[in-house]
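Engineer: Have a look at the structure that comes next, please.
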2 protein chains.
Amino acid sequence: MRGLIFFLLLVVTSAVVKAQTRPNIILFFVDDMGWVDTSVPFGDSMVVVNKRYHTPNMQRLASEGIKFTNAYATPVCTPTRISLLTGINAAHHGVTNWTSPVKDRSTDVADDEMAPASWLVNGLSSIKGTAKTIFANTYPQLLKQAGYFTVHVGKAHWGSMGTPGSNPYNLGFMVNIAGHAAGHPQSYLAKDNFGNITGKAVAQAVPDLEEYFGSDTFLTEALTLEAIKALEAPINNKQPFYLNMAHYAIHTPIQGDKRYVQKYIDAGLDSIEANYASLIEGMDKSLGDLMNYLKEKGIEKNTVILFMSDNGGLSLVPPRGGVAHTHNLPLKSGKGSVYEGGIRVPMIVKWPGVVKANTRSDQYIIVEDFFPSILEIAGLKNYNIVQQVDGKSFVSQLKNPGYKNSSRSLVWHFPNKWQPNDGPGINYKSAIRQGDWKLIYNMRDGSKELYNLQLDVGELQNLASVERKKVDALAILLSHQLRQWKAVMPSFKTTGKIVPLPDRVQ
Amino acid sequence: MRGLIFFLLLVVTSAVVKAQTRPNIILFFVDDMGWVDTSVPFGDSMVVVNKRYHTPNMQRLASEGIKFTNAYATPVCTPTRISLLTGINAAHHGVTNWTSPVKDRSTDVADDEMAPASWLVNGLSSIKGTAKTIFANTYPQLLKQAGYFTVHVGKAHWGSMGTPGSNPYNLGFMVNIAGHAAGHPQSYLAKDNFGNITGKAVAQAVPDLEEYFGSDTFLTEALTLEAIKALEAPINNKQPFYLNMAHYAIHTPIQGDKRYVQKYIDAGLDSIEANYASLIEGMDKSLGDLMNYLKEKGIEKNTVILFMSDNGGLSLVPPRGGVAHTHNLPLKSGKGSVYEGGIRVPMIVKWPGVVKANTRSDQYIIVEDFFPSILEIAGLKNYNIVQQVDGKSFVSQLKNPGYKNSSRSLVWHFPNKWQPNDGPGINYKSAIRQGDWKLIYNMRDGSKELYNLQLDVGELQNLASVERKKVDALAILLSHQLRQWKAVMPSFKTTGKIVPLPDRVQ
């Protein structure tokens, strides 16, 4: 008898516990945020750029979780965002550059020498056969099927207008607030109605925020308030949620957030850089507000927060102030580049009870790793999807900060022309990292560069001429991977020939 | 011991039962559907217009529920939609005409004689102080707070672009698919991308349906498929849901639904009316698909379905075919009119286990009654809201088809100019019904008409000159109500004077 009662109690209790322990998951995803755009040092120590910024809530998150010093995205936003959602490397999914809001339009800048690669200019699609898209399943779809309440707030930029991927609804999100085909806001200001003009089609006008029109609410704040509103229902219903908190900040236009800008001017920054710093601090406030909200609701301990950026910090002048390509120092170059400044980004994970507070992992990971990781965090296994996933789960790494794997290779592939003028590492590049070694392949002239990131994180000493065997080995590895993924390449206008893979060039 | 086990089992069971018995609620809301636009007779017998149409799923719904023969909306869409969501009569909420997608723009047609009433041209708002709006709470907000999963699919039309009410998110809906500031679709055809043109702001282009662009899917079908997709999550999570299935059909543009149009041409209808009939049958198929889906998911018995239209059937020629104002016979006139053809609409309620199958209620109700009724169906009591609700719950009527109340009065108030030419009962009218009596007040000339609906549903015999006391009593009742609600009135251009209330005119 007593045994039976005990059994009954166990059944009841375990059902309740199970319902409560499926963790909520928040991806706090910042746009164009560089590796040093924060007062949290992601290198061994604070550098001069870290000292410019105030991100107390990121500090708090890092002190409660694990910091990844070698987390990577792709050089520009859409490829990263699609790799994130699908687990596929950009060279493999084929959306190698950012997608235009206008369908069928390549954003590649014209070039005298190179004809464009046939990359998938319309982005990600949930429907097989959509022209110029990659058809794949997303982890929000899988989470939704598994009972998660899935919410997207902010920048989407997964596909062009008039295609399924333009709409987060079609990518597994039950709620979508302010996400569409555009990659930046027309304005951060509610006074400007976030760029909405009656009777005009402004592709970058932010949708869904009518409640704030004409007010003083900065876009970052409005998105945070909307995210909190959207979470009320699942929290009240004790339903696990996934929140894709995808800020438009800190992408251009570099508009000042009035709440913070003066203190950066007082600290001596020029007006552009003070505005930039205010975008960062507004974003950081949003993180703090969400963390406080979780605490207030008593779900802090059952909520995983992942902090990530979609590419390196912008280093073009203008629109940035100061000296070009110095904004991510000690990293070289910035957004659009395959140098570290373009691809290495801040990443933090807080998972109470699983991840040790104030820890650090130096093992490199890449954005497609989020797909298997998030599904593993949610406890999902054996899901059916149409694509081959390239990402590897970093969950074991979360649990073991000392984890090291020097044999894994990461690939970046940018067969595109992003800017009218080639900058450092910008336009027509591929790269591979294995252990501390990184090879860069310049498609224009077939040249290769080799760096040792452990000794030279700033990629200043090209060791290609001395480490010939390493160059050859990495060129073969990179080529093998690109071949396997059927990665697209540009061609030479004069000969009509496709750019050869790096192992075919001496 | 045994007692304790029993107690434990009871606790577990009752929790489960409670979770399961909060009913799901579907409002199946059709646009511009007239009282006779269906093969279900809402009068005493089938009339000639009923015989034109095929609505087998409405027949099925009526055979499983209760049919309301005297259900009323307002003459045009936005006033009805706001009364629905807030429980406030249109004369009281002040949004007396349809709202333009463009903010601050009155849709009243200019008139030589009358200057417009100061009605609230921007519609409903969730934010206090929004210019030219009524600020009120909605029942979806209350349902959401109570743990319902609230979904809007289809036409919204609650407020102008750039105001909070343009967006169903702000009105209590967790999910919004295809609802915005516009009152009709630019196109029902996915081949036309539902009116979306890249780079052009088409106010009536239907949002959110990118998955169907270029396909053969008719808008009504696409909305149904999306509604079913949106319900998957709450059904899987055993969460009660509210679905606002608000079809764009059967509003203009009267485009043919290819699946059905030929059979109506074969039956002898002209091409316009065949298209109209196909819009109806496509809408009816949607109802059947939803009913089948509920059955398939095993939730049919715990789901309440309410069928309603937002105003009477359109009777203007063009855009309708045939002879003007004959489309709603035996009812007089159509959309825009305070005659029965403009305001009396089809209504059916199915509530398994509560409402007896195949029953009928002749007691009049009006659209603001849905607010307290739906909240009562969901089991909500003692909610805090900012507005005074005018509607009365019809739940007791659902349970008692024979219920009769001849003392209640219903008011319609249309101090607006909807069409360039006054039609029967169209432009500048108020009306009141009490028991079988109905008084109409013509603002232009102060004249009054009186009809007995029991004897003369077609409003052909004006009894005002014979039943003077009845006219006076209803004029006083109507005026009292309009005064209490601070209902707006137009004014005369020549004198600048406001149109007097009917009790001030002999």
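The values are calculated or read from the model by the stated rules, or taken from the named source; none is laboratory data. For clarity, every value in this text was computed on a predicted model and none was experimentally measured. When we count neighbours, we look across all protein chains shown, and the Cβ atoms used for this are built from the backbone with ideal geometry, even at glycine. Each accessible area value is taken on the protein alone, full model and side chains, heavy atoms only, with ligands, DNA and RNA left out. Shrake-Rupley method; radii C 1.70, N 1.55, O 1.52, S 1.80 Å.
Engineer: With all protein chains present and a 1.4 Å probe, how do A:Ser409, B:Ser333 order by accessible area, largest first? Before the final figure, lay out the partial values.
Structural biologist: Details: A:Ser409 40, B:Ser333 0 Å².
Final ranking, largest accessible area leading: A:Ser409, B:Ser333.
Engineer: For the range A:112-126, in order, what is each residue's ³J(HN,Hα) by Karplus, 6.51 cos²θ - 1.76 cosθ + 1.60 with θ = phi - 60°, in whole Hz (x at glycine and Pro)?
Structural biologist: So the J values, rounded to whole Hz, are 5, 9, 10, 9, x, 6, 8, 6, 8, 5, 9, x, 8, 9, 8.
Engineer: Around A:Pro164, what is the net charge, scoring Lys/Arg as +1 and Asp/Glu as -1 over all other residues with Cβ under 9 Å from its Cβ?
Structural biologist: Overall, the nearby charge balance is -2.
Engineer: Mind checking which chain A residue has its Cβ closest to the axis relating A to B, and how many whole Å off it is?
Structural biologist: A:Ala201, 2
Engineer: Using only alpha carbon pairs under 8 Å that are at least six residues apart, calculate the relative contact order of the range B:409-504 and give it in whole percent. Walk me through the numbers on the way to the answer.
Structural biologist: Details: 135 pairs, mean separation 19.5, N = 96.
Relative contact order comes out at 20 percent.
Engineer: Right, something else. Once you list every other residue whose beta carbon is under 9 Å from the beta carbon of B:Gly391, what net charge do they have if Lys and Arg are +1 and Asp and Glu are -1? Let's see the in-between values first.
Structural biologist: Working: positive: B:Lys392; negative: B:Glu368, B:Asp369, B:Asp390.
Cβ neighbours under 9 Å give a net charge of -2.
Engineer: If you stretched the chain out fully between B:Lys128 and B:Gln59, how much longer would it get, using 0.36 nm times the residue separation minus the C-alpha to C-alpha distance? Walk me through the numbers before you get to the answer.
Structural biologist: Numbers: separation 69, 0.36 × 69 = 24.84 nm, distance 4.30 nm.
Value of the extension gain: 20.5 nm.
Engineer: Can you list, bin by bin at 5 Å, the percent of alpha carbon pairs in the range A:467-506, starting at 0?
Structural biologist: Bins of 5 Å from zero give 5, 24, 25, 21, 14, 8, 2 percent of pairs.
Engineer: Order A:Met33, B:Met161, most accessible first, counting only protein heavy atoms with a 1.4 angstrom probe.
Structural biologist: Values: A:Met33 0, B:Met161 65 Å².
I get B:Met161, A:Met33, largest accessible area first.
Engineer: For the range B:327-368, divide the Cα radius of gyration by the Kirkwood radius and give the resulting Rg/Rh value with two decimals.
Structural biologist: Looking at the range B:327-368, the ratio lands at 1.08.
Engineer: Rank B:Ser286, B:Ala62, B:Asn196 by how far each Cα sits towards the positive end of the charge dipole of the range B:21-399 (+1 on Lys, Arg Cβ; -1 on Asp, Glu Cβ) and give me just the farthest.
Structural biologist: The one lying farthest along the dipole's positive direction is B:Ala62.
Engineer: Sticking with this structure for a sec: Mean separation of Cα pairs under 8 Å and 6+ residues apart, divided by the residue count of chain B: what relative contact order is that in percent? Intermediate results must be reported in sequence, preceding the final value.
Structural biologist: Working: 1205 pairs, mean separation 113.1, N = 506.
It comes to 22 percent, rounded to a whole number.
Engineer: Let's see if you can work this out: charge +1 on each Lys and Arg Cβ, -1 on each Asp and Glu Cβ, no other charges. What is the dipole magnitude of the range B:409-504 about its Cα centre, in debye to the nearest 20? Don't skip to the end; give the middle numbers.
Structural biologist: Values: 14 positive and 9 negative charges, 93 e Å.
Value, rounded to 20: 440 debye.
Engineer: Provide the net charge surrounding B:Leu84, with neighbours chosen by a C-beta distance below 13 Å and charges set as Lys +1, Arg +1, Asp -1, Glu -1.
Structural biologist: Spelling it out: positives minus negatives among the neighbours equals -3.
Engineer: Give the accessible area for A:Thr133 in Å² (nearest 10); use a 1.4 Å probe, count only protein heavy atoms, and leave out ligands, DNA and RNA.
Structural biologist: The value for A:Thr133 is about 20 Å².
Engineer: List the residues of the range A:175-215 for which accessible area in the full set of protein chains is at least 20 Å² lower than for the chain on its own; 1.4 Å probe, protein heavy atoms only.
Structural biologist: A:Val175, A:Thr198, A:Gly199, A:Ala201, A:Asp208, A:Glu210, A:Glu211, A:Phe213
Engineer: For the range B:260-398, build the charge dipole from Cβ charges (+1 Lys, Arg; -1 Asp, Glu) around the Cα centre, then report which of B:Gly336, B:Leu306, B:Val395 sits farthest towards its positive end.
Structural biologist: Of the candidates, B:Val395 comes out farthest on the positive side.
Engineer: In addition: Nearest 5 percent is fine: what portion of the DSSP beta bridges confined to the protein assembly as shown is antiparallel? Could the numbers behind the result be given before it?
Structural biologist: On the way: 63 of 119 bridges.
Roughly 55 percent of the beta bridges in the protein assembly as shown run antiparallel, per DSSP.
Engineer: Ignoring ligands, DNA and RNA, what percent of the 1.4 Å accessible area of the range A:21-399 is carbon and sulfur? Intermediate results must be reported in sequence, preceding the final value.
Structural biologist: Values: 5820 of 11330 Å².
Looking at the range A:21-399 in its full context, I get 51 percent from C and S.
Engineer: Leaving out ligands, DNA and RNA, what percent of the accessible area of the range B:409-504 is carbon and sulfur, probe 1.4 Å? Spell out each step's value before the answer.
Structural biologist: On the way: 2200 of 4360 Å².
Carbon with sulfur: 50 percent of the solvent-accessible area.
Engineer: Is any helix in chain A, taking whole DSSP H runs, at least 18 angstrom long along its axis by alpha carbon and on average at least -0.5 on the Kyte-Doolittle scale, and which ones?
Structural biologist: Details: long enough: A:2-21 (28 Å, 1.56); A:219-236 (26 Å, 0.58); A:271-296 (37 Å, -0.25); A:468-484 (24 Å, -0.22).
What comes out of the filter, once short or polar helices are dropped, is A:2-21, A:219-236, A:271-296, A:468-484.
Engineer: Still on this structure: Hey, what's the per residue convex hull volume over the C-alpha atoms of the range A:409-504, in cubic angstrom? Let's see the in-between values first.
Structural biologist: On the way: hull volume 9.8 nm³, N = 96.
It is 102 Å³ per residue.
Engineer: Kirkwood Rh over alpha-carbon pairs of the range A:219-325, then Stokes-Einstein at 37 °C and 0.692 mPa s: what D in µm² s⁻¹, rounded to an integer?
Structural biologist: Working: Rh = 15.4 Å.
For the chosen part, D equals 213 µm²/s.
Engineer: Might you tell me the accessible area per residue for chain A, computed with a 1.4 Å probe and given in Å²? List each step's numbers first, then the result.
Structural biologist: Working: 18200 Å² over 506 residues.
Spelled out: the 1.4 Å probe surface of chain A, per residue, equals 36 Å².
Engineer: Convex hull over the alpha-carbon atoms of the range A:301-439: what's its volume per residue in Å³? It would help to have the intermediate numbers written out before the result.
Structural biologist: Details: hull volume 20.6 nm³, N = 139.
Considering the Cα atoms of the range A:301-439, their hull volume per residue is 148 Å³.
Engineer: Sorted from shortest, what are the nm distances separating the label point of B:Leu455 from equivalent points in the other copies, each placed 7 Å from Cα along Cα to C-beta?
Structural biologist: B:Leu455 label point versus its equivalents elsewhere: 10.8 nm.
Engineer: Among the lysines, which fall within straight-line cross-link reach of B:Lys486, defined as a Cα-Cα distance under 27 Å, with same-chain neighbours fewer than 8 residues apart omitted?
Structural biologist: B:Lys103, B:Lys128, B:Lys132, B:Lys335, B:Lys392, B:Lys417, B:Lys429, B:Lys438, B:Lys448, B:Lys469, B:Lys470, B:Lys497
Engineer: Give the ranking of A:Leu120, A:Leu231 by solvent-accessible surface, highest area first, calculated with a 1.4 Å probe. Could the numbers behind the result be given before it?
Structural biologist: Values: A:Leu120 45, A:Leu231 0 Å².
Largest accessible area first, the list is A:Leu120, A:Leu231.
Engineer: Let me ask something else about it. Can you tell me what share of the DSSP beta bridges in the range B:21-399 is antiparallel? A percent to the nearest 5 is fine.
Structural biologist: Values: 10 of 38 bridges.
Just about 25 percent of them are antiparallel.
Engineer: Using only protein heavy atoms and a 1.4 Å probe, report how much of A:Val261 is accessible, in Å² to the nearest 10.
Structural biologist: 30
Engineer: Send over the Kirkwood Rh of the protein assembly as shown, from the inverse of the averaged 1/r over different Cα pairs, rounded to one decimal Å. Show your work: numbers first, answer last.
Structural biologist: On the way: mean 1/r = 0.0325 Å⁻¹.
By the Kirkwood definition, the hydrodynamic radius is 30.8 Å.
Engineer: Stokes-Einstein D for the range B:152-209 at 25 °C, 0.890 mPa s, Kirkwood Rh over Cα pairs, in µm²/s? Write out the running numbers ahead of the final one.
Structural biologist: Working: Rh = 11.5 Å.
Value of D from the Cα-based Kirkwood radius: 213 µm²/s.
Engineer: Could you tell me what % of all Cα pairs in chain B have separations over 30 Å?
Structural biologist: Working: 57681 of 127765 pairs.
Of all Cα-Cα distances in chain B, 45 percent exceed 30 Å.
Engineer: Would you mind computing, in nm to one decimal, how far apart the modelled labels at B:Asn421 and A:Ile197 are, each placed 7 Å from Cα along Cα→Cβ?
Structural biologist: Result for the modelled spin labels: 4.0 nm.
Engineer: Would you please give the residues with an amide H less than 5 Å from that of A:Ser337, counting only those at least 5 places away or on a separate chain, with H modeled from the backbone geometry?
Structural biologist: Amide H neighbours of A:Ser337, under 5 Å, 5+ apart: A:Gly342.
Engineer: Something else: Using the crude model of +1 on Lys and Arg Cβ and -1 on Asp and Glu Cβ, and no other charge, please compute the dipole size for the protein assembly as shown relative to its Cα centre, in debye to 20. Could you put the intermediate results ahead of the total?
Structural biologist: On the way: 102 positive and 86 negative charges, 461 e Å.
Dipole of the protein assembly as shown, to the nearest 20 debye: 2220 debye.
Engineer: Separate question: Two-decimal Rg/Rh of the range A:418-464 from alpha-carbon positions, Kirkwood Rh? Spell out each step's value before the answer.
Structural biologist: Details: Rg = 11.1 Å, Rh = 11.2 Å.
Looking at the range A:418-464, the ratio lands at 0.99.
Engineer: List the residues of the range A:226-274 that lose 30 Å² or more of accessible area once all protein chains are present, compared with their chain alone (1.4 Å probe, heavy atoms only, no ligands or nucleic acids).
Structural biologist: Residues of the range A:226-274 that lose at least 30 Å² of accessible area once the other chains are added: A:Ala233, A:Asn237, A:Gln239.
Engineer: Take the alpha-carbon centre of the range B:105-124, take the same for the range A:168-214, and report the distance between them in whole Å.
Structural biologist: The distance from the Cα centre of the range B:105-124 to that of the range A:168-214 comes to 30 Å.
Engineer: About the Cα centre of the range A:21-399, what is the dipole size in debye to 20, counting +1 per Lys and Arg Cβ and -1 per Asp and Glu Cβ, all else neutral?
Structural biologist: Numbers: 33 positive and 34 negative charges, 198 e Å.
My answer is approximately 960 debye.
Engineer: Follow-up. Which entries in A:Lys51/A:Lys295; B:Lys67/B:Lys285; B:Lys67/B:Lys399 show an alpha-carbon gap greater than 21 Å? Provide the component values of the computation, followed by the final result.
Structural biologist: Details: A:Lys51/A:Lys295 29 Å; B:Lys67/B:Lys285 19 Å; B:Lys67/B:Lys399 12 Å.
In this structure, A:Lys51/A:Lys295 lie more than 21 Å apart at Cα.
Engineer: Another question, then. Which value in Å is the Kirkwood Rh of the range A:85-141 over different Cα pairs?
Structural biologist: Details: mean 1/r = 0.0817 Å⁻¹.
After inverting the pairwise mean of 1/r, the radius is 12.2 Å.
Engineer: Compute for chains A and B the buried accessible surface, both sides summed, probe 1.4 Å, and express it in Å² to the nearest 100.
Structural biologist: Numbers: alone 19800 and 19790 Å², together 36390 Å².
Using a 1.4 Å probe on protein heavy atoms, the buried area is about 3200 Å².
Engineer: Compute, for A:Met174, the solvent-accessible surface of its heavy atoms (probe 1.4 Å) with the complete set of protein chains present, and express it in square angstrom to the nearest 10.
Structural biologist: A:Met174 exposes around 10 Å² with every protein chain in place.
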